[in-house]
Amino acid sequence: MLVSSYNGGLVACSIIVAILASYTALNMASRVSNASGRTASLWLIGGSFAMGFGIWSMHFIGMLAFSLPIDLGYDVPLTLLSLLIAIASSALALHLVCQDKLPWVRLLFGGILMGLGIASMHYTGMEAMLMHPYIFYVPWLVVLSVIIAIIASLGGLWLAFRLRQESSRAKFSRIGAALVMGCAIIGMHYTGMAASKFPLNSFCGAANSGIDTKWLAVLVIIVSLAVFAIALIVSMLDVRTSRLSNSLDDANNELLKLALHDSLTHLPNRALLGDRLEQAIHRAERNHSEFAVLFLDLDGFKAINDMHGHHVGDLLLKEVSLRLLMSKREGDTAARLGGDEFILLLEPGTPENSAIVAQRLIDSIEQPFETANTLLQISTSVGIALYPQDGQTEHELMVNADAAMYHAKKQGRNGYCFFEHGMNANVHLQMQMQQNLRHAAERNELVLHYQPKIIAPNGPMTGLEALLRWQSPDHGLLPPDRFLPLAESSGLIVPIGNWVINEACRQMKVWYDQGHRDWSVAVNLSAVQLEHDSLVEVVRSALTRHSLASSHLVLEITESTAMRDAEISLKVLNKLSALGVSISIDDFGTGYSSLLYLKRLPANELKIDRGFITELAQGNDDEAIIQAIIALGKTLGMEIVAEGVETPEQQELLTRLGCHTLQGYLLAKPCPPDILIDTMTGLAKGT
């Protein structure tokens, strides 16, 4: 037999290629299993080629490392056939590992087929040498090489299936698995080579007409490394693209969730509720069934917000939403409209079931809440509208459930009420008033009446308070309590408040030019205005527009408004004070002021609430309270104003207690500026 030998460098290259081929195979298995549809098919085709070419190149580099004392070459058709066998075996392997499950029977069957395929590739490659006489094979070594191929295939399939998911741990596991698989493939190859024996008179029929071994080794190594590199780079890019796509999907889902859910309670918001209502209407029409809309509004929530701050209020809303979720049935929808308003969509919802659920909600919310180490107790009013009798559309159902809820509040709160068609009249009236109020300023329907403020006891006049009125075409002259709550709930209070500031400054400038240079005009600010970013600029612009000195403008805020968010109020009021505007604390004594914050506020005037003035008599509790407020104000260096003075006794007693300024119907009623001229002239003289 001819004596064979091996090139150590090429043997080392074959081992490296075998390990790289194994790692590429594991990586391709991961990409195929994680892809779907057309992408999975493309990865299967590309992966089969990369994996098959890797196994084949390892085999051929190993054969090129083999040498005999005769010239050797390889037949091109048989060489290509061995490559196709390797690719087909790889395709079978990738197809098996990309399945959801790999039972032992399928693993054993696939491992045998793949092992036979690899063995066929090896011995087909050997036949490509076209040896004459034929190569003699040692039978037991051939069988051993086939067994090794089958065992290596079984191990490779099992490892590829177990390590196909992407993770940081899987990457290191694949490297270890690639070393084991590469060594197994190398063992099969060189066992097969050891089984080959060449007689002394042998010659290679492909030595001159086949592929020359001198450049074949370099070509196969370069091409195989290029294939591995391309496959791994594309795989890495695909992984990153997949991760980016998943991140974008997650971000899109999160944005969609934010767009359709309330950010505080994570309940469905108005948009998602509208979609659920539309679907409920379609189902009810199709099934000839009914459902109920329960409109919930918390009783006393504003007082808790004012007393404990928005942080506690937000925590309370979260707790309410949890109780709402616990009280609803499976399949019902709980949503938050905003503020302290919630909706429960009961599907199906008969009147009896709706009443049971409504009472369960009322009982649940009535139980005390422990929020921020504070025991809080509130109640809820529930309005119920039924489809189809109380509304055919989403809008009708919501409006009617809202009307029923307000009716429940009027009946004493902490209860529920079914919608009745007579309730709609008030709802439509409020909606029409809101629509008309939206255009009141541009139609010149808003007017200011002014009530003088005089130095105790009888003058002269030191200023005026601007009081808003609405000259409605439908309802006549309306006082503020008829329309300001509507303006606040609809968000119109900010533009209306801005109009009041501008108009008061304009009128004050008129009086100033008429010679009344000691007067100032007071304007009331709502809580919404105080929290609005544009307030300081609105005041500055109004003063500049009318060339009015800031000392002629007083801004009044109620005690509870100032304490609603004390830190924010302090910042805004400091900015207003920096303009030179005076700050007055209105309705003092009715809120929940902290003396620490009151001392920090840049206020220079305290207005005693009219509630203390109404029952004022010598020696009673109100006198003691007023005396304490006056003492506090003087200690803080503030002017004291008493509003609601209606009797001479009140006038005399307040003057004796030390009030600086008086305001009330006894002294002058609010009236338009043109009618006020005569009154102002008399008061200015102290008559």
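The values are calculated or read from the model by the stated rules, or taken from the named source; none is laboratory data. Just so you know, these numbers come straight off a predicted model, no measurement behind them. Positions of Cβ are backbone-derived with ideal geometry, glycine not excepted, and every protein chain shown enters the neighbour counts. SASA here: full protein model, heavy atoms, side chains in, ligands and nucleic acids out. Shrake-Rupley method; radii C 1.70, N 1.55, O 1.52, S 1.80 Å.
Taking into account only those residues within region 326-377 that are free of Cβ contacts under 8 Å to residues at least 40 places away in the same chain and closer than 19 Å to Ala271 by Cα, which is least open to solvent (accessible area, probe 1.4 Å)?
Asp332
Can Arg413 be described as closer than 30 Å to Ser584 by Cβ, open to solvent by 10 Å² or more (accessible area, probe 1.4 Å) and among the basic types (Lys, Arg)?
Here the answer is no, as Arg413 does not meet what is asked.
Quick one: His395 ticks every box in (1) under 30 Å from the mean Cα position of the chain (by Cα); (2) within 17 Å of Leu273 (Cβ to Cβ); (3) in a loop (DSSP other than H, G, I, E, B) except a single one, so which number is it?
For His395, the failing item is (3).
If Arg506 satisfies all but one of (1) assigned to a helix (DSSP H, G or I); (2) surrounded by 18 or more Cβ atoms within 10 Å (Cβ to Cβ); (3) at pLDDT 90 or above, what's the number of the condition it fails?
Unmet for Arg506, out of (1) assigned to a helix (DSSP H, G or I); (2) surrounded by 18 or more Cβ atoms within 10 Å (Cβ to Cβ); (3) at pLDDT 90 or above: (2).
Looking at (1) at pLDDT 90 or above; (2) open to solvent by less than 10 Å² (accessible area, probe 1.4 Å), which one does Ala440 not meet, given that it meets all the others?
(1)
What pairs come out if I take residues in region 1-24 that are outside any helix (DSSP H, G or I) and open to solvent by less than 60 Å² (accessible area, probe 1.4 Å) and pair them with residues that are among the hydroxyl-bearing types (Ser, Thr, Tyr) and at pLDDT 75 or above whose C-beta lies under 7 Å away, six or more apart or interchain?
So the pair list comes out as Leu2/Ser202; Ser4/Ser67; Ser5/Ser67.
Name the single residue, out of those in region 443-466 being at pLDDT 85 or above and polar (S, T, N, Q), that is most open to solvent (accessible area, probe 1.4 Å).
Applying the filter and picking the extreme gives Asn444.
Could you please tell me which pairs satisfy a Cβ distance under 8 Å, a separation of 6+ or placement on different chains, a first residue in region 300-322 that is open to solvent by 40 Å² or more (accessible area, probe 1.4 Å), and a second residue that is among the charged types (D, E, K, R) and in a helix (DSSP H, G or I)?
Matching pairs, first to second residue: His310/Arg564.
Contact list please: Cβ distance under 9 Å, first residue in region 136-150 and touching a residue at least 60 places away in the same chain (Cβ under 8 Å) and under 25 Å from Leu200 (Cα atoms), second residue in a helix (DSSP H, G or I) and aliphatic (A, V, I, L, M), pairs at least six apart or on different chains.
Close Cβ pairs satisfying both conditions: Tyr137/Met126.
Considering only region 174-185, I want to know if a residue exists there that is under 22 Å from Leu81 (Cα atoms), β-branched (Val, Ile, Thr) and modelled with pLDDT of 80 or more.
Checked region 174-185: no residue is under 22 Å from Leu81 (Cα atoms), β-branched (Val, Ile, Thr) and modelled with pLDDT of 80 or more.
How about region 665-674: which of its residues are open to solvent by less than 30 Å² (accessible area, probe 1.4 Å) and either under 13 Å from Asn458 (Cβ atoms) or out of contact with any helix residue (DSSP H, G or I) (no Cβ under 8 Å at 6 or more places or on another chain) (or both)?
Across region 665-674, the qualifying residues are Ala668, Pro670.
Within region 644-653, is there a residue that is touching a helix residue (DSSP H, G or I) at 6+ places or on another chain (Cβ under 9 Å), open to solvent by 50 Å² or more (accessible area, probe 1.4 Å) and more than 16 Å from Glu605 (Cα to Cα)?
Yes - at least one qualifying residue is present in region 644-653.
Kindly indicate the residue of region 365-424 that is acidic (Asp, Glu) and at pLDDT 85 or above and also nearest to Glu341 (Cα to Cα) among those meeting that condition.
Among them, the one singled out is Asp402.
Taking only pairs six or more apart or across chains, which ones have beta-carbon atoms under 7 Å, a first residue in region 106-127 that is charged (D, E, K, R), and a second residue that is surrounded by fewer than 23 Cβ atoms within 10 Å (Cβ to Cβ)?
Sorted first by the residue in region 106-127, then by its partner, the pairs are Arg106/Leu96; Glu127/Leu78.
Can you run down the residue pairs with Cβ atoms below 8 Å, 6 or more apart or on separate chains, where the first is in region 644-658 and in contact (Cβ under 8 Å) with a residue 40 or more places away in the chain and the partner is open to solvent by less than 30 Å² (accessible area, probe 1.4 Å) and part of a helix (DSSP H, G or I)?
Taking only residues 6 or more apart or on different chains, the pairs are Leu654/Ile613; Leu654/Ile626.
Considering only region 109-140, state which residues are surrounded by fewer than 16 Cβ atoms within 10 Å (Cβ to Cβ) and not aromatic (Phe, Trp, Tyr).
Ile112, His132, Pro133, Val138, Pro139
Which is assigned to a helix (DSSP H, G or I) and either closer than 16 Å to Ala195 by Cβ or at pLDDT below 80 (or both), of Leu84, Leu116, Leu78?
Every option except Leu116 fails the conditions.
Does region 586-594 include one or more residues that are at pLDDT below 80, part of a loop (DSSP other than H, G, I, E, B), in contact with a helix residue (DSSP H, G or I) (Cβ under 6 Å, 6 or more places away or on another chain) and polar (S, T, N, Q)?
There is at least one residue in region 586-594 that is at pLDDT below 80, part of a loop (DSSP other than H, G, I, E, B), in contact with a helix residue (DSSP H, G or I) (Cβ under 6 Å, 6 or more places away or on another chain) and polar (S, T, N, Q).
Is region 561-574 home to any residue that is farther than 18 Å from Glu639 by Cβ, among the polar types (S, T, N, Q) and open to solvent by less than 40 Å² (accessible area, probe 1.4 Å)?
Checking region 561-574: at least one residue is farther than 18 Å from Glu639 by Cβ, among the polar types (S, T, N, Q) and open to solvent by less than 40 Å² (accessible area, probe 1.4 Å).
Take Met51 and decide whether it is outside any helix (DSSP H, G or I) and either buried (at least 20 other Cβ atoms within 10 Å of the Cβ) or modelled with pLDDT under 70 (or both).
Here the answer is no, as Met51 does not meet what is asked.
Is region 536-559 home to any residue that is open to solvent by 40 Å² or more (accessible area, probe 1.4 Å), among the polar types (S, T, N, Q) and modelled with pLDDT under 90?
Looking through region 536-559, none of the residues is open to solvent by 40 Å² or more (accessible area, probe 1.4 Å), among the polar types (S, T, N, Q) and modelled with pLDDT under 90.
Kindly list the number of the only condition in (1) closer than 15 Å to Phe418 by Cβ; (2) open to solvent by 50 Å² or more (accessible area, probe 1.4 Å); (3) among the charged types (D, E, K, R); (4) outside any helix (DSSP H, G or I) that fails for Asp390.
Condition not satisfied by Asp390: (2).
Could you tell me which numbered condition Arg283 fails, if it satisfies all but one of (1) surrounded by fewer than 18 Cβ atoms within 10 Å (Cβ to Cβ); (2) more than 16 Å from Asp332 (Cβ to Cβ)?
With (1) surrounded by fewer than 18 Cβ atoms within 10 Å (Cβ to Cβ); (2) more than 16 Å from Asp332 (Cβ to Cβ) applied to Arg283, the lone miss is (2).
Cβ-Cβ below 6 Å, separation at least six or inter-chain, first residue in region 433-456 and under 21 Å from Arg506 (Cα atoms), second in a loop (DSSP other than H, G, I, E, B): which pairs?
Leu446/Ala440; His449/Pro670; His449/Pro672; Gln451/Pro670; Pro452/Ala668
If you scan region 468-500, which residues turn out to be part of a helix (DSSP H, G or I) and aromatic (Phe, Trp, Tyr)?
Within region 468-500, Phe483, Trp499 qualify.
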